[in-house]
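Colleague: This structure is in structure tokens; I'll ask about it shortly.
Each value in this text was obtained by applying a stated rule to the coordinates, not by laboratory testing. Every value quoted in this text rests on a predicted model; they were computed, and no experiment measured them. Positions of Cβ are backbone-derived with ideal geometry, glycine not excepted, and every protein chain shown enters the neighbour counts.
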Amino acid sequence: MPKQRGKQTVALASPVAVASSACAAGKKEGLGPLRHSIDSIYENSLQGMKSWEQAESAMQRDALNLALSKGNFPETSIQYLLAGDLLGQCIGSVFAARDCEIPFIGLYGACSTMAESLGLGSMLIDGGFADRVAVVTSSHFCGSERQFRLPLEYGGQRTPTAQWTVTGAGAAVLERSAVSGNPNHPRISHVTFGKVTDMGIKDVTNMGAAMAPAAFSTLTAHFEDCKLAPEDYDLIVTGDLGSVGSDILRDLFMKKGVSLGERYTDCGLLIFNRDDADAGAGGSGCGCSAVALCGYILSGMRENKWRRVLFCGTGALFSPVSAQQGESIPSVCHAVRLIGGNGSCNT
């Protein structure tokens, strides 16, 4: 049976295999440092569809189909599909899934959705409710700008703290390790679900500052629950704090006398070139951490670049309505511990 570690962490009884993964992204993302780990790169924002929202759904379905194909999994073998995005009512995921014959579980955790879906999917499997599930999340720059900010035609100037929503989607197939039979697959061993954290930040162009305290809270809980330290990981990656939030997170830990060191980075810093002025403080959106994880990070684990990875999805849980009403920005962070093939869980 799974075991509760401390107040917020679950140690899975048997680590769940990430049996396959794939990602798709837009042209801008395809010019960035992670381009070689992206399975499919699109040349324009519409991708042959009539709207940006339709394009996001098509991109999400492409990522899922690629993940299934790479693992030689028929769609009928997937028992649950856990999916989410940034659009109202999660329409990006809903319309991507409407032609699937898979039971659908829609999720919303803003940019933390990839980590949330991995955690819940692995718990479904470890709890004995499924042998194989798929998780997929996405975002689209143009669709997100239309929903959360100003029309692109307005041409508003972006602040230095603003982040660029990634046009991208990532999908992974999770499988019971005994079913997988492949000891080289990266595996999920622990899940730490975070609490909603709100430090009163109201600036919707500074998501990093709003989300950093949530990342600090969840990382602290994970280390305490598992009796671990940053040094026990080869890679700790948040998504997506950008440059502003990452610096704040480092400072918060330094005040506790803890250095995250060079093992720590952020998906928002990985996906775009640092000299890209349009990207501002870095990437954001559900698709940012999904593309980084399902391409770059999991590929690195399969190549034994990293053996122990802590993947921490961070999400700003606001809406256009709450922002217009002057509300602050509540945030959350969920952490998933990944171990390489044959890697030890330690706890």
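Colleague: Mind checking which of ASN206, ASN65, ASN182 has the largest fluctuation in a GNM of the chain, springs on alpha carbons under 10 Å?
Modeller: ASN182
Colleague: Please give the charge dipole size of the chain, origin at the Cα centre, charges +1 on K and R Cβ atoms and -1 on D and E Cβ atoms. Round to the nearest 20 debye.
Modeller: Numbers: 29 positive and 33 negative charges, 143 e Å.
Result for the chain is approximately 680 debye, rounded to the nearest 20.
Colleague: How do HIS190, HIS36 rank when sorted from fewest to most other Cβ atoms within 10 Å of their own Cβ?
Modeller: Starting with the residue having the fewest Cβ neighbours, the order is HIS36, HIS190.
Colleague: In addition: Kindly provide the helix-only [θ] at 222 nm of the chain, computed as the sum of -39,500 (n - 2.57) over DSSP H runs of four or more divided by all residues, to the nearest 500 deg cm²/dmol?
Modeller: Details: 12 runs with 109 residues, N = 347.
Computed ellipticity for the chain at 222 nm equals -9000 deg cm²/dmol.
Colleague: Are there trypsin sites (Lys or Arg not before Pro) in segment 228-336 that DSSP marks as loop and that have at most 16 other Cβ atoms within 10 Å, and which are they?
Modeller: Working: sites: ARG250, LYS255, LYS256, ARG263, ARG274, ARG302, LYS305, ARG307, ARG308; in loops: LYS255, LYS256, ARG274, LYS305, ARG307.
The qualifying sites are LYS255, LYS256, ARG274, LYS305.
Colleague: Right, something else. For the chain, just the Cα atoms, rotate onto the principal axes and tell me the three extents in Å, largest first.
Modeller: 54, 50, 35 Å, listed from the longest principal axis down.
Colleague: If the label point is 7 Å along Cα→Cβ of ASN184, which residues in segment 285-318 have backbone nitrogen under 14 Å from it?
Modeller: So the set is 299-305.
Colleague: How large is the dipole of segment 224-347 about the Cα centre if only Lys and Arg carry +1 and Asp and Glu carry -1, each at its Cβ, rounded to the nearest 20 debye?
Modeller: Dipole about the Cα centre, nearest 20: 440 debye.
Colleague: Right, something else. Which value results when the Cα radius of gyration for segment 58-217 is divided by 2.2 N^0.38 Å?
Modeller: For segment 58-217, the normalised Cα radius of gyration is 1.15.
Colleague: Regarding segment 212-317, what whole-number volume in Å³ per residue does the convex hull of its Cα atoms give?
Modeller: 105
Colleague: Of GLY313, SER37, THR9, which is farthest along the charge dipole of the chain in the positive direction, counting Lys and Arg as +1 and Asp and Glu as -1 at C-beta?
Modeller: Comparing the listed Cα positions along the dipole, THR9 ranks first.
Colleague: Within the chain, what's the longest stretch lacking GluC sites (Glu not before Pro) that sit in DSSP loops with no more than 13 other Cβ atoms inside 10 Å?
Modeller: Longest run free of exposed loop sites: 102-302.
Colleague: Still on this structure, I have one more. Is there a pair in LYS50/LYS305; LYS7/LYS202; LYS7/LYS256; LYS50/LYS195 whose C-alpha atoms are over 31 Å apart, and which pairs would that be?
Modeller: Distance filter (> 31 Å) returns LYS50/LYS305; LYS50/LYS195.
Colleague: Under a crude label model (7 Å from the Cα following the beta-carbon direction), how far is SER77 from GLU231 in nanometres?
Modeller: So the label points at SER77 and GLU231 sit 4.2 nm apart.
Colleague: Mean separation of Cα pairs under 8 Å and 6+ residues apart, divided by the residue count of segment 256-339: what relative contact order is that in percent?
Modeller: Working: 67 pairs, mean separation 18.7, N = 84.
After rounding, I find 22 percent.
Colleague: Under a plain spin-label model, where a point goes 7 Å from the Cα along Cα-to-Cβ, how far apart in nm are VAL258 and ASP275?
Modeller: Modelled inter-label distance: 3.6 nm.
Colleague: Only Cα pairs under 8 Å and at least 6 apart count here; give the relative contact order of the chain as a rounded whole percent.
Modeller: 25
Colleague: What are the equivalent ellipsoid semi-axes of segment 176-269, built from the alpha-carbon gyration tensor (square roots of five times its eigenvalues), in whole angstrom, biggest first?
Modeller: The three semi-axes for segment 176-269 are 27, 16, 14 Å.
Colleague: Kindly point out which whole DSSP H helices in the chain project their C-alpha atoms 15 angstrom or further along the helix axis while averaging a Kyte-Doolittle hydropathy of 0.5 or above.
Modeller: The qualifying helices are 113-126, 207-226, 242-254.
Colleague: Under a 10 Å cutoff between Cα atoms, tell me which one of GLY313, GLY287, GLY48 has the largest fluctuation in the Gaussian network model of the chain.
Modeller: For the chain, modelled as a Gaussian network with Cα springs under 10 Å, the answer is GLY48.
Colleague: On to the next question. Have a look at the DSSP beta bridges in the chain and tell me what percent are antiparallel, nearest 5.
Modeller: Once the DSSP bridges in the chain are tallied, antiparallel ones form about 65 percent.
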